[in-house]
Every structure is written in C-alpha cells, then in structure tokens.
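The block underneath contains the structure these notes are about, expressed in structure tokens.
The values are calculated or read from the model by the stated rules, or taken from the named source; none is laboratory data. These numbers were taken from a predicted model, which means no experiment stands behind them. Positions of Cβ are generated from backbone atoms using ideal geometry, with glycine treated the same way; all protein chains shown enter the neighbour counts. Calculation scope for accessible area: heavy atoms of the full protein, side chains included, ligands and nucleic acids excluded. Shrake-Rupley method; radii C 1.70, N 1.55, O 1.52, S 1.80 Å.
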Amino acid sequence: MTETIRKRPPRRKTQERLVQAVLFFCAAVSVFTTLGIVGVLLFETIEFFREVPLWSFLTDTQWTPLFSDKHFGILPLACGTFLTAAIAIAVAMPVGLLTAVFLSEYAGDRLRGTVKPVLEILAGIPTVVYGYFALLFVTPLLQRFIPGMAGFNALSPGIVMGIMIIPMISSLSEDAMYAVPQNLREAAQALGASRLQTAFGVVVPSAFSGIAASFLLAVSRAIGETMIVAIAAGQQPRLTLDPTHPVETMTAYIVQVSLGDTPTGTIEYKTIFAVGMALFLATLVLNLLSHGLRERFSEKYG
Amino acid sequence: MTPATVETQEELTQAFAIQGLNSWYGSFHALKGVSMTIPEKRVTAIIGPSGCGKSTLIRCLNRINDLIPGFRVEGQIAFKGQNLYDPALDPIQVRLQIGMVFQKPNPFPKSIYDNVAFGPRLCGEKDRSKLDAIVEESLRKAALWGEVKEKLKQSALALSGGQQQRLCIARTLAVGPEVLLLDEPCSALDPIATAKIEELLMDLKKSYTVVLVTHNMQQAARASDYTGFMLLGELVEFALTAKIFTNPTNSRTEAYITGRFG
Amino acid sequence: MKLEGAVLRNLLARRRRAEWIFKIAASGALLFALGTLGVLLLDVLRDGLGWLDWDFLTHFPSRKPEQAGILSALAGTFYLMILTILIAFPLGVGAAIYLEEYAKKHWFSRIVEVNIANLAGVPSVIYGLLGLELFVRTMGLGRSLIAGALTMALLVLPIIIIAAREAIRTVPNPIREASYALGASRWQTVWHQVLPVAFPGMLTGSILAFSRAIGEASPLITLGALTYIAFLPDGLTSPFTVIPIQIFNWVSRPQKAFLNCAAAAILVMLAILLAMNAVAVFLRHRTQRRMTL
C-alpha cells in the first residue's frame, strides 16, 4: 500500500528546508537587534566606566561632559527625565482613564467607533510637530499665566507629551475594560449599583492589570520620548524639580551631542552610550513589567 | 390569552402581578402577552425549552434587561402594587428590593468578604462591625459560612463552582431584598452542588419570595411550589407544581413534561 | 440593610449627582484631548500655509528663510522610505510567517515573542545609538542613506512583525487544512493559500508602521544625519537629511521666519502621512468588503 504513494521529489524537500532556514533567519533578526543594542551599549558603557567611576556617575550632581571642568553625574539628566515624564503622566493618566471609562461603559458603539480613531491620531503625529507646538504655542500660552517662566522649561513639553500619550492609555485601558465579562456588570447592577459604581467598583478593579500595563507603557514612552523635550525643554542639565526652569532629559542629551561632530573614542562619545544604557534599562524594566501584567490579564479573560 | 391563575388552597399574598407583558430585543418578539401572579414567600419555578422566554421574563422582574440596547417592554408588572416600569421609579431602587442570581456563578475578582460587602457598601454602609455582621449573616443564610469563615480575605475565584454560586446568593441577600430571582442557578453545577442549592431554597422561601428559572424539570418538581410552563414566548400553563407534573391541563405542557419535545 | 424613605431618596439623588459629575468630567477630558488636536492643526496651518508654495517644495535649504525650501529633505525622506520598506517588509513578513506557520511553541518562539514586544517599546533614540556604532562606525557605512535605512528598518521591524502576524492569524484554518489535504507542502500552503489572503492586512499594518518612521527624527540625528544639505542624494552611501530633521533644524533657529518654514514643512509632512493613512484605510475597507462577500 505504501508503495503506491508517490514519494516527494527530493528537490522539493531541499527547497522546503531552504525556505524554512530563510524564514528562521528573518525571525532571528529581531533577536540579533536586541543583542546588538545590548552589546553596543554594554561595550561603550564599559569603556566609559574605565574613565569615570560608577559611584560618581550615580552621585555627582553635575553633568558637564562638554565643558572643560568635566562632571559626569547622571542625576541632573535623570531628574529632567523624571520631571517631564511625571508631568506627562499627570496629564495623560486622568484624561486617558476618564476617557477609557466613558468610552467603555457609557458610549454606544457608534460614538466609540468614531472617537477612538480620532484620538489615535494624537499618537500618530510626529514628535517634532509636538515639539514645535510646545515651544511656539503652549509655552507662550503658559507664560501668560505664569510670569517669569523661562522660554525653555519642563512644564510645556511635559504637558504636550502627556497629550501625545493619552491615546496610549485610553485605548489600551479601554480594551482591557471591554474584555471584562458582561456578567460581572450585570451582577453589580443586580445588586443595585449605578453605572458609575459598576465602572469604578467592578470593571476598573477587574481590568486593573490591563490598565496598569497601559500605564507602565505610557511611562516608558514618556521617558524615551526625545524630540519634544529636545526642542522645548532647553538643553541645560539641572538638578531641579521646578517645572518652570529649563532642564535636559537623557534623550535630549543624546541628541545634543549627536548634533555636534563627536569623534569615536572620546569621552563625550562614550557618554551618550552610558546615558543610552541608563535609558534602555529604565524602559526595559517598565516594558517587561507591562508585558507581564498584560499576559496575566489575558490569561484571566482571554 | 387569558391570565393564568392559580387555584389556591391557601391564603396567599401576591408579590408580582404581571399583566399582558410583551417584550422585544430589537425586532425579535421575546415575550407574547404573559400574564401571571407570583405569590409571596413561595418558590415559583418557570420551565420551558431554551429560547422560550423564561430568562427574559425573570430579567424583566428587576429591570436588569434595561441594560441591553434595543430591549423594549410593554404591559405591566406590579410588585406589591407598585408599577416596576413607572418612569419615575429609579431602576436601582427596584434592584435593591429584587435581587438576582445568574446562570454562571459570577463572583467579582475580589475577596469573599468584599464580594458580600459590595452591596451594603454601595448603600453607604461603612461601619466595619456592621459590615462584619451583614457578611456573616448573609453567608450563614446561604449555607456557606462554615466553609469560608476561615478564609474571608481570600479571592472568591478560588472557591468551587457550587461555593461560588452560594457566594453569589449570599452577596444578593446582603443587600436585603424581598425577592430572589434565580436564572438557571444550577446549570453550571454538578449534582451535589445542585442538591445543596435546592436545599437552600427550601430554607430561603421562609423569608423570601423566590422565582426560579430552570430547564431541569426534576429540579422544578423537587424545589418549587408553583410552576409556570413557557413555550415560544407564551405562558402556556401556570399552576401548583404538583398539579402541573401530575395532571396538566394543557396538552403542550403534558407533551413537554413527558419529554416528547424540548 | 433595608433603606427606606428619605434615606433611600437621598442615596439615589447622590448617585444621580455622581453620574452627572462623571459625565461632565469625562466629556471635559475628551474635549481637552480632541480640542488640543484641533488647536495644534490650526496653529500649524496659520503659521505655515502662507509659506507653502511650489518654490518651497523645489528649493534647497538656504540661510535666507525666504529662499529656503525642502527639496533635499523631501528627496531624502522619499529615498530613505523606499529603502526602509525594501529591507523591513520582507524581513518582517518572513519573521511573521516563521512564527505563525513554522515555529513550534517552544522556548525559542517564546523568547522571540517577548523580545519583539520589548523591542517595540525601546525608545527610538536607542536605535540611533545602535545604528551609529554598528552601521556608521563598525561597518563603515558612514552617515549615509543606507545606514539610515538599515537603522529605520530595525526600528519598524517589530511593528511590522506584529501587524503581519495579526494578518496571518485572520486566515481561517480550514483553508490550510484543505491545502494540506490536497498534498501541498507547508511552504506551498503558505505561498498559495495563506499569503494571498493575509497580504492586504500585512500591507495595511506596514503602511502605518512606515508612516510612523517618516516622522522619526531622533534615531537619524543620533546616527549623525546632517541637518543642512543642499544637494540631492546620488547613491546608497550619499549623505542625506529628512523632513523631520529639517523641521528640527528650523525650529532651533533664532530667526522668526524660519519658524514659518518649519510650519510649512510640517504641513508637507502631515500631508504625506495623511495620504499614507488614507491608502491604508482604503485597503482595509476594500479587503473587508471582499472578505464579507
């Protein structure tokens, strides 16, 4: 019986193997990318720490690698990053969450179908455009209310960055809330809960890991955002939490150095990799946490 | 259709008086002129094949169907003389008086304690010792206290299906309703868990009006005092359970309970 | 827990008030987000529309704002995108096919999966650092178009893989089973059955990914792309600039008139993005209609 089944021609078998190898290579590129990023950052960062002790990198309160009196304390850059990201989250979190609850629990399908794509335009606008908007529209507007605010400051790019990440929080949180089974809503309402009590007493807590994942992703995005802060926050590393002053973020510093022609092997060149490493680690932790939370959420309601 | 009435041997107060009830999901006519009276402090079972409208009927009794877009209702449901669909009446008020337990156990993903305390907290109860008392009392009434009193702080999702369903009953009782609506409460449970719930119903009818939707005729026969049989959105027959199962008036009822269709 | 009379009325009134407050707050939040979008567009239109003319599109940048144009940036963006698409699209589709149709669910595909999710979240400026060290320095490509395209390709690759996988998942399994039942090999099934159905979806997702890349400035600045270029790229190793970098350059100038140049360039860029998104929406709409017929 088996005799009568024609054997596949050997050429086809080789072809199959070849195709599979090529496809495997494509999938492996993404792994190589990660290895490349880690390798490059690690290599130059180790070089950097041969010249600058880790302790002074972490504790020095000045960042002046481009001056003759060089200091390599990451704190001012970390502080600028933290400050702008915190302002962004302070804008995006309440607006995004309110929007998400409204779209998921109140809006009909038609309203949700219109509003969501329009909101997502916000995430699709290039960041240089937001930088332009922050510097030339929002800052002058804020200066009318806050006299003495500098032309470059943390507040304006922070707010604009917050607006940019609203759809990230609202869309992902809304997806999470939408996935909460309808029978939990019915249970709450059968117990006499109002819509609002159902939303905040049952739906939001049930979707909590999904919402938290969107929140972490938004923080990661705000930390890594570059052009808005490079354009509108000024480029002065400064250890301050006053949002009306100019600051410099880690990302903006990388851009600042890259704009000048910095030869390989110099300490200035190495600094951008050390800063890049700090940035990479911070966002990596946030992304991994977010990914873990999302997996947990989809296990619960997948 | 003439209103189905129950030949009573006992003096009964009526809980629900339903008059010419019609309802639609969009263009689908789900209930067709249902009229019946449901007695107080008795177990009334509604049976019928799936899609006959029994769930729709029970879901009209606490206006939980209001949440479904495109749902429409005509006719009258009076609960102790009060029209439930009176536009001036807040549906939340209705649901506080008329509790409901669903087909699939649906505990909130919170602790056992927080599940039971959910309703009272909505009503503004913050006093910890009062909440403790309500939680204990409700769990006792639902015959669950002994099994969970040591682990009130644990997640309700860790309980077995039968325990979860009794928790849902306790959660409903904690609000202090007068009526319990149960929509196929045992369809997702094994026979032992089912027996426990049926036993519980015997107990609960001393203080609550119970309306039980079930597709399980044995359950209706065992657990209820009155039974209504529904078919294709109509109430075919409504009578004492003993009578329905031994001597039904309508031939379609007879066909159903003897298992010729359904 | 019996509530009666005044207590109940009070409770219900309080809940209704809370509902109202929430609705007002949520509408406010929504209006804030959508309103900002409107204000942003109006602001750019007001500043830039007057500067946007044929000369602006066909002139090189200049020290004099009145004569400045975006020809080199426009050409740079165009060439860079073509190259990026040529590199990233086949790679992304290949990876997606491997993960969906070939990989067994073992540790390797699990690692790739987590890896892709994380890569999608790595800040774009980090990709610039990778490109700088790997393509510009180590491989000696210099600050060239090809170095930029390779960097951008790696940046969009995770998004393309995710989009392509989603498109492949929409292909119903019976199609595959039917193909295997007729004796087709795995690759024949993929090539003749799965890809034709999934292709429009892959294209739509990829267009959206590339439209994101068009607006990216930071990885290219980090790479060392120049901000002032007064010639057209003439080969893979030619230096280049792109529209977002040109915008960044103009925004950083002190002269007020350059800000109008920046606004006009923003309008050009937004128009390109709008066109790409329109194509994506059109494609999606067309395939949806075909699938339901």
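A few comments on the model shown:
- Among the candidates A:Leu66, A:Leu98, residue that is at pLDDT below 95 and open to solvent by 10 Å² or more (accessible area, probe 1.4 Å): A:Leu66
- Members of segment B:199-218 found to be within 16 Å of B:Ile46 (Cβ to Cβ) and open to solvent by 10 Å² or more (accessible area, probe 1.4 Å), listed by number: B:Lys205, B:His215, B:Asn216, B:Met217, B:Gln218
- Unique match (being open to solvent by less than 50 Å² (accessible area, probe 1.4 Å), at the interface with chain C (Cβ under 9 Å from one of its Cβ atoms) and not in a loop (DSSP other than H, G, I, E, B)) among A:Ile228, A:Ile272: A:Ile272
- Among residues of segment C:196-247, those that are within 14 Å of another protein chain (Cβ to nearest Cβ), over 18 Å from C:Leu83 (Cα atoms) and free of Cβ contacts under 8 Å to residues at least 60 places away in the same chain, counted: 2
- Residue count for segment A:183-225, restricted to those that are more than 14 Å from chain C (Cβ to nearest Cβ) and touching a Pro at 6+ places or on another chain (Cβ under 6 Å): 1.
- For segment B:37-57, the candidate set comprises residues that are of a type outside the set (Ser, Thr, Tyr) and touching a helix residue (DSSP H, G or I) at 6+ places or on another chain (Cβ under 9 Å); within that set, the residue that is farthest from B:Asn250 (Cα to Cα) is B:Val43.
- Qualifying residue in segment A:122-141 (condition: touching a strand residue (DSSP E or B) at 6+ places or on another chain (Cβ under 7 Å) and either under 24 Å from C:Leu30 (Cβ atoms) or away from chain C (no Cβ under 11 Å) (or both)): no
- Out of A:Leu58, A:Leu98, A:Leu142, one residue alone is in a helix (DSSP H, G or I) and within 17 Å of A:Ala232 (Cα to Cα). It is A:Leu142.
- Test result for B:Val73, more than 8 Å from chain A (Cβ to nearest Cβ), buried (at least 21 other Cβ atoms within 10 Å of the Cβ), touching a residue at least 12 places away in the same chain (Cβ under 8 Å) and not small (Gly, Ala, Ser): no
- One residue from C:Thr241, C:Thr237 being among the hydroxyl-bearing types (Ser, Thr, Tyr) and open to solvent by 10 Å² or more (accessible area, probe 1.4 Å): C:Thr237
- Criterion: under 23 Å from C:Arg14 (Cα atoms), buried (at least 21 other Cβ atoms within 10 Å of the Cβ) and at pLDDT below 90 - qualifying residue of B:Val94, B:Val116: B:Val94
- Any hit, segment C:12-20, residues being over 29 Å from the mean Cα position of the chain (by Cα) and outside any helix (DSSP H, G or I): no
- In segment C:248-260, the residue that is farthest from A:Val229 (Cα to Cα) out of those that are more than 24 Å from the chain's Cα centre (by Cα) and in a helix (DSSP H, G or I) is C:Ala257.
- Residue that is farthest from A:Gly276 (Cα to Cα) [pool: residues in segment A:12-54 that are among the acidic types (Asp, Glu) and either open to solvent by 60 Å² or more (accessible area, probe 1.4 Å) or at the interface with chain C (Cβ under 8 Å from one of its Cβ atoms) (or both)]: A:Glu16
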